[in-house]
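Asker: Before anything else, here's the structure in question.
Where a number appears in this text, it was derived from the coordinates with a stated rule and is not lab data. Please read all numbers here as calculations on a predicted model, not as lab measurements. All Cβ positions, even for glycine, are placed from backbone atoms using ideal geometry, and neighbour counts span all protein chains on display.
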Amino acid sequence: MSALSDVMLWAVRVNGRKDAKPHQILDIKPDASLDEAQVAFHKIARIAHPDLHRTTLGPEDLESVTSAYSKAAAAYQEFRTQRPGTRPIGEVPGRPATSPNTAKPAGSTTAASQMSSKALIYYRKAELALRRGDLTSAILQLKMAIAADPQSQFLRSALAEVEAEVAKNP
């Protein structure tokens, strides 16, 4: 059998296992160590990563391989988190875990968190432009944000504030 047919058979087998445990998808023992799971996942990645087969497979077959690889990656991640003694990256034993700074940036409100993700990107760009003192860019970014989220009264009021500031200081 060729390597391509092996990958396709693997993908069909993995996609066929609907309620499989992570160790079954990775083809390892239920009590396997984290190192064994890593070796198994890296082996899968070397032969079945979708990027390796983009030019050699048709769209349906590539979708099957991508779906199976996604399940294998999720199984590996789940296997890692289920193991006792594993800790998140960056956590040092003997030290208390630090939490990331969760303070909202200045100017953020609950209205900002309710807008669409695309509008939020433009809103953040407008905030940066305002910090730089570039009012015309801020207006442009706010108009783009409003185009992405036309129902947002928050964005409309922010635009009105910036336009009023521009009118005051031409």
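Asker: For the stretch 3-82, with only Lys/Arg (+1) and Asp/Glu (-1) charged at the beta-carbon, what is the dipole magnitude about the Cα centre, in debye rounded to 20? Each step should come with its number before you reach the end.
Answerer: Working: 10 positive and 11 negative charges, 19 e Å.
The dipole magnitude comes to about 100 debye.
Asker: Right, another one. Can you list the equivalent-ellipsoid semi-axes of the stretch 3-82, largest first and in whole Å, using the square root of 5 times each Cα gyration tensor eigenvalue? Provide the component values of the computation, followed by the final result.
Answerer: Values: eigenvalues 100, 31, 19 Å².
So the three semi-axes of the stretch 3-82 are 22, 12, 10 Å.
Asker: Starting from the Kirkwood radius over alpha-carbon pairs of the stretch 1-40, derive D by Stokes-Einstein at 37 °C in a medium of 0.692 mPa s and give it in µm² s⁻¹.
Answerer: Numbers: Rh = 11.2 Å.
D, rounded to a whole number, is 294 µm²/s.
Asker: Give me the distance between the Cα centres of the stretch 48-79 and the stretch 1-36, rounded to whole Å.
Answerer: For the stretch 48-79 versus the stretch 1-36, the Cα centre distance is 12 Å.
Asker: Kirkwood hydrodynamic radius, the stretch 110-168, all distinct C-alpha pairs: what's the number in Å? Before the final figure, lay out each step's value.
Answerer: On the way: mean 1/r = 0.0911 Å⁻¹.
Value: 11.0 Å, from the Cα pair sum.
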